[in-house]
Amino acid sequence: MKGAVAASRVFHRMSRASASPAIAILIPCYNEEAAIANVVDQFQLYLPDAHIYVFDNNSSDQTAARAAEAGAIVIHEPRQGKGYVVQSMFRKIDADIYIMVDGDGTYPAEVVDELVGPIRRGEADMVIGSRLHQMATSEFRLLNRLGNRLFRLLLNSVFRVRLTDLLSGYRAFNRRLVRGLPLSGGGFQTETEMTIKALERGYTIVETPVNLIRRAPGSHSKIRIGYDGVVILSTIFALFRDYRPLTFFGGLGLILLALGCVPGARVLTDYLETGLVPRLPSAILAVGLVLSGLIFGLVGLILHTISRRFQEFDHQFASFAEELNRSRQPEMAPASERGPGFDNLYPTK
């Protein structure tokens, strides 16, 4: 009798283990020899059942060796740039819950449960560890803080959201978002791109406060403030153009129409008074600006219609994929049983 009870308890423990979601911790790294081992150790402490992957992006120091010694699975990504690393991580790693964290040791592992919690409960598709949340106490350099505020203001005003940290490198995702989010940027604009594309595709994003930690001695930031700031800014405007074409081109059209009215008003006044057009260059300029404004507005309207159709197609395709996944679910092993292998996306035989 006691043996049967013990066997039953073992069975229940195994059932719970197999039902628990597989968690992958994804760490993009470039020359983080000073901090990477401690980062791996900390996440092993707070998430002992998770698989930890360090994606080494052509480091010239001992980053890969230190990560492997600490117990992480090291994968090399030859394309230089954080965006390419993130694309590779999302494509190669198979899990139920993904946690992305920088390898510089500035994000605390002890709050990882606060990021994972909303994903586990089905309350969010992406959770951002916000360094600028009102409940967070993070130290920023002045230029970094100003840049973050500028990008946040643009994002919130253009896309009508209320996020506090657009550039955080500490995030959690569910499988549905990782498999359904197309990324193309190769640099530090990848956080901006994934945030905007997730918003436009209807994924739920929540934030949780995170206190930024001081860098380890010997570690330094890889962000080039001027260059990367321009790249991030151009990414915001490019995605604004792609996802809100009517607002983007319509706004430009209205500006051109307003500018055309300035010389046009003088020309029209002279014509009404004298019946002549003495300012011919002003008349040509006015007509050119007005016509350009009308063309921009028409382009925005056409692109808006096309964009709406593609959004409907994307929604239908996503619904079809979910239905197909549900119909195949009995044939598929849970991710916790599939192990840390790559691209294991098909039914088990």
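The values are calculated or read from the model by the stated rules, or taken from the named source; none is laboratory data. Quantities reported herein were computed from a predicted structural model and do not represent experimental measurements. Note: ideal-geometry Cβ built from the backbone for every residue, glycine included; neighbour counts use all protein chains shown. To get the accessible areas, we keep the full protein, side chains included, count just its heavy atoms, and leave off ligands, DNA and RNA. Shrake-Rupley method; radii C 1.70, N 1.55, O 1.52, S 1.80 Å.
Whenever you get a sec, compute what percent of the accessible area on segment 218-292 sits on carbon and sulfur atoms (1.4 Å probe).
Here it works out to 73 percent.
Where in segment 160-224 are there trypsin sites (Lys or Arg not before Pro) that are in a DSSP coil and have at most 13 other Cβ atoms within 10 angstrom of their Cβ?
Arg160, Arg162, Arg214, Arg224
At 1.4 Å probe size, with every protein chain present, just tell me what the per residue accessible area of segment 90-138 comes to in Å².
35
Using C-alpha positions alone, give me the convex hull volume of segment 213-302 per residue in cubic angstrom.
So the per-residue hull volume is 141 Å³.
Mind giving me the nanometre distance, one decimal, between the label points for His76 and Ser60, set 7 Å out from Cα along Cα→Cβ?
Each label point lies 7 Å from its Cα, and together they span 1.7 nm.
Under the 0.36 nm per residue contour assumption, what length would be gained going from the current alpha-carbon distance of Asp113 and Arg91 to full extension?
5.5 nm
Quick one: grab the alpha carbon gyration tensor of segment 105-203, order the square roots of its eigenvalues as a ≥ b ≥ c, and give me rounded if a/c is under 1.5, else prolate or oblate depending on whether a/b is larger than b/c.
Since a/c reaches 1.5 but b/c is at least a/b, the shape of segment 105-203 is classed as oblate.
How much length would be gained if the chain were fully extended between Arg179 and Leu233, taking 0.36 nm per residue of separation minus their Cα-Cα distance, in nm to one decimal?
Taking 0.36 nm per residue and subtracting the Cα distance, the gain is 16.8 nm.
Any chance you could run the full-extension gain for Ala258 through Ser307? It's 0.36 nm times the residue separation minus the Cα-Cα distance, nm to one decimal.
The Ala258-Ser307 span can extend by a further 15.0 nm.
How big is segment 33-146 in terms of Cα radius of gyration and Dmax, in angstroms?
Computed over the Cα atoms of segment 33-146, radius of gyration and Dmax are 15.0, 41 Å.
Evaluate 2.2 N^0.38 Å with N set to the residue count of segment 83-152, then give the Cα radius of gyration divided by it.
Compactness ratio reported: 1.29.
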